[in-house]
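Enquirer: Below: one structure in structure tokens.
The numbers here are math on the coordinates, done by the rules we state, and not lab data. From a predicted model like this one, the values you see are computed outputs, not experimental measurements. Counting neighbours? That spans all protein chains shown, and the Cβs are built from the backbone with ideal geometry, glycine included.
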Amino acid sequence: MFQTSIPQARRRPVPAPPKAEAPDCIGSSSRMAQVLDRIAMAAPSMATVFITGESGTGKEICAQSIHAASDRAHGPFVPLNCAAIPRDLLESEVFGHLKGAFTGAVADKPGAAAMADGGTLFLDEICEMDLALQTKLLRFLQTSTIQPVGASRPRKVDVRIVCATNRDPEEEVRQGRLREDLFYRLHVVPIHLPPLRDRGDDVIEIARHALVRFSDEEGRHFTGLSADVEALFRRLPWPGNVRQLLNVLRHAVVLNEGPLVTREMLPLGLHCSATRQPASAPNDSDTCVMDDLIGRPLAEIEQIVIEETIAREGGSVPRAARVLDVSPSTLYRKRESWARQAAAS
Ligand SMILES: Nc1ncnc2c1ncn2[C@@H]1O[C@H](COP(=O)(O)OP(=O)(O)OP(=O)(O)O)[C@@H](O)[C@H]1O
């Protein structure tokens, strides 16, 4: 049976009648101002844009902004996550196939490149694309023609390409995982999205916008962040970037009423990760940990310390057990019991 594990919505062009709306790409830090300038400069051209940045920094939202600000905004924006598609289906996902081209091809199916005709094709996680398909993608970029699997003749399409990766593309080229000629063909206008921790007060600006939206969606009455939550947000390293910030806020809004987001509403362990920042203000960090632990039930403190130790030991329970001077089975038992409690609540 011909099946993919990709949700249908990811493969459908985002409908854009009459014109794609620019998504909110929030931030007024100097680093983001440079990014927004580059988006504005690159958008009207046909040049391929190569977006890099850690996971959750907003690469897809940046690609949507480029599309929305281009003269193709009336056309489709088609995102395709190369990492989410099984390798043997990727060619058909990009270029389409004809009925009977392979077992399970029960009907003609247009690929993402054909669906993006007149618009923008966003190839996310481009470095995950298999080398053989990279060769076909290069041919497509050079000729603007596609040949669906099973078709005898190529067909012209008019597509602007934006691609993204959270890897270092030059290192991928050195390692032989990304074709050098494809890299140079794609890397015409590079845009690097800085991690959230390097965007100064953008973290607060994004949080305030998200809070208004989530409050509205969840029927809550949040009006802002408490002063100590703002201070904590500025200190956190945010390894999951904007996506992590949004998840933290959604969690607070769903489980509480408002009007302010306070430290107790934040998920366990988030506070302690503030201590992982370079020790520019060690006393601040120590105070942060103490303030967060004092006043919590002892069982909760135990859970925070155990989970944090496991995380610091790279996820290894046996190593964390050695650090905490208990047996690994004690940690496994406690974690199972927390998982049962969480499932029951
Ligand atoms: N500057 C921003 N302002 C508001 N929301 C943002 C901003 N940047 C990212 N987001 C939101 O954060 C979430 C993650 O963004 P996005 O999916 O674009 O990141 P990504 O870099 O493509 O992630 P991945 O590498 O995991 O694919 C989305 O919900 C997006 O709308």
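Enquirer: Looking at the chain as a GNM with Cα springs under 10 Å, which of D168, D325, D198 has the largest mean-square fluctuation?
Expert: In the Gaussian network model the winner is D325.
Enquirer: Would you please give the residues with an amide H less than 5 Å from that of L260, counting only those at least 5 places away or on a separate chain, with H modeled from the backbone geometry?
Expert: T223
Enquirer: Something else now. I want to verify the translational diffusion coefficient of the chain in µm²/s; compute it with Stokes-Einstein, Rh as the Kirkwood radius over Cα pairs, at 25 °C and 0.890 mPa s. Show your work: numbers first, answer last.
Expert: Working: Rh = 22.9 Å.
This corresponds to a translational diffusion coefficient of 107 µm²/s.
Enquirer: Which lysines, if any, have their Cα less than 20 Å from the Cα of K109, not counting same-chain residues under 8 positions apart?
Expert: Result set, ordered by chain and number: K99, K136, K156.
Enquirer: Which aspartates and glutamates, if any, have their Cα less than 13 Å from the Cα of K334, not counting same-chain residues under 8 positions apart?
Expert: The qualifying aspartates and glutamates are E300, E302, E307.
Enquirer: Which one, A116, A43, A132, has the greatest fluctuation when you compute a Gaussian network model over the chain with C-alpha springs under 10 angstrom?
Expert: Looking only at A116, A43, A132, the biggest GNM fluctuation is shown by A132.
Enquirer: Compute and list, largest first, the equivalent-ellipsoid semi-axes of segment 107-247 from the alpha carbon gyration tensor, each √(5λ) rounded to a whole angstrom.
Expert: Working: eigenvalues 326, 84, 26 Å².
Taking √(5λ) for each eigenvalue gives 40, 21, 11 Å, largest first.
Enquirer: Right, another one. Which of the peptides 61-73, 98-110 is most tightly packed, and how do the rest follow, judged by the mean count of other Cβ atoms within 10 Å per residue?
Expert: Working: 61-73: 21.4, 98-110: 13.2.
Sorting 61-73, 98-110 by mean packing, highest first, produces 61-73, 98-110.
Enquirer: Assuming a ≥ b ≥ c are the square roots of the Cα gyration tensor eigenvalues, decide whether segment 44-176 counts as rounded (a/c under 1.5), prolate (otherwise, with a/b larger than b/c) or oblate. Can you show the working numbers first?
Expert: Values: a/c = 1.82, a/b = 1.27, b/c = 1.43.
Verdict is oblate for segment 44-176.
Enquirer: Before rounding to the nearest 500, sum -39500 (n - 2.57) across all DSSP H runs of length at least 4 in the chain and divide by the residue total; then give [θ] at 222 nm in deg cm²/dmol. Don't jump to the answer; show the numbers that get you there.
Expert: Working: 15 runs with 159 residues, N = 345.
The helix-only estimate for the chain comes to -14000 deg cm²/dmol at 222 nm.
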